[in-house]
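Worksheet: one structure, shown below.
Please treat every number below as a calculation from the coordinates, not as lab data. The model shown is predicted, which means the values in this text are computed figures rather than measured ones. We place every Cβ from the backbone using ideal geometry, glycine too, and count neighbours over all the protein chains shown.
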Amino acid sequence: MKIFVKYLFMHRKSMGLYFLFSLVFLIIFWLYHFPIVAVGYAFLLCTFIGCVVGMIDYYAFRKYHLTLQQMTKQSLVSLNELPQAKNLVEEDYQELLEKLLQEKKDLITEKDTRYQDMMEYYTLWAHQIKTPIAAMRLLLEEDDSDCQEELFKIEQYVEMVLSYLKLDASADDFQICKVDVDDVVRQSIRKYAKLFIRKKLQLVYEPVHYQTLTDEKWLCFIIEQLLSNAIKYTQNGSVEIRMEKDHLIILDSGIGIQKEDIPRIFEKGFTGYNGHLDKKSTGIGLYLVNQISKKLGHSLSVESEVGKYTKVSIDLKQAELEVE
């Protein structure tokens, strides 16, 4: 019914002219005292023929409309699939669509080229910066000052840059296999051992004896980021790593997270109240953790109480992935 009403609205001028011409004939016949019945017969006959032709045209219009509507629901649409143009205006519209589509393709190609150039540059930079970092680490090996800790932070930020650059294309970088979670956790603990010692934090960890289908490198990145946050926001007390069924738990006794911030901590660039206290917080770390976890099929959940604890749970259940 809605299509029919729109069709009538499209042809309102033609119908208006038809009735106007009929009225003109009626007035002229009346002025010259011709039989009005003759006009009535002609009017009814023309109306009947017009209705038949109009219904045929309406069904053609309806079919054309439904075809276009069906195309809008498709994920990929080609101009070759468009119904054949019936008049000059439709030909002009299809030509305009073709031109706009070509311009869109050109813009996408240009954008992809620029993005690829940017990716290559920053990836090269991130890899090259590792060389002076390694050299500085050797020079400061005997130095027990804060320089070692600051150098470690620089290295973390470089790794975060690489992970951020790889995020869009990380599906190609995944190597899904059976992974021993204890091996991954121990790698992360060894990396942050000096920070635990420097801040005099207690590490509570017992082997979890758990295996899962995942990517070892990316799972290690997730655990390292969560450990980094736990150490960063825990001034004294402990950090505990344990297993609860299929969930890897990282629990710290740090400053906690405000209740209203918890739903937003995985948003890109969100730092919350804790981030305002630490002016160097970027809000990128947890965003990366969440995005990579989604790609791996792991879900994250956070519980916290201000001034008492923060508990992060990683669901390692991975029944839907197949071993490559």
(request) May I ask you to derive the relative contact order of the chain, considering only C-alpha pairs under 8 Å and at least 6 residues apart, and to give it as an integer percent? (result) 12
(request) Would you mind checking K13/K104; K217/K245; K232/K295 for any pair whose Cα atoms are more than 31 angstrom apart? (result) K13/K104
(request) Taking the Cβ of each residue in I231, I36, I241 as the centre, tally the other Cβ atoms inside 10 Å and list the residues starting with the fewest. (result) I36, I231, I241
(message) Using the Cα centre of segment 173-315 as origin and beta-carbon charges of +1 (Lys, Arg) and -1 (Asp, Glu), tell me which of L286, F174, G237 is placed farthest towards the positive end of the dipole.
(response) G237
(request) Restricting things to alpha carbons, find the Rg to Rh ratio for segment 108-166 using the Kirkwood radius for Rh. (result) 1.18
(message) From the helices alone, meaning DSSP H stretches of at least four residues, give me the mean residue ellipticity at 222 nm for the chain, per-run term -39500 (n - 2.57), in deg cm²/dmol to the nearest 500.
(response) -20500 deg cm²/dmol
(message) Taking the 0 to 90 degree range and rounding to the nearest ten, how far is the long axis of helix 146-166 tilted relative to the main principal axis of the chain, both from C-alpha atoms?
(response) 30
(request) Take V5, V179 and order them by how many other Cβ atoms sit within 10 Å, fewest up front. (result) V5, V179
(request) Starting with the fewest neighbours, write out V37, V208 ranked by other beta-carbon atoms found within 10 Å of each beta-carbon. (result) V37, V208
(message) Nearest 10 degrees is fine. How inclined is helix 216-232 to the longest principal axis of the chain, computing both from alpha carbons?
(response) 70
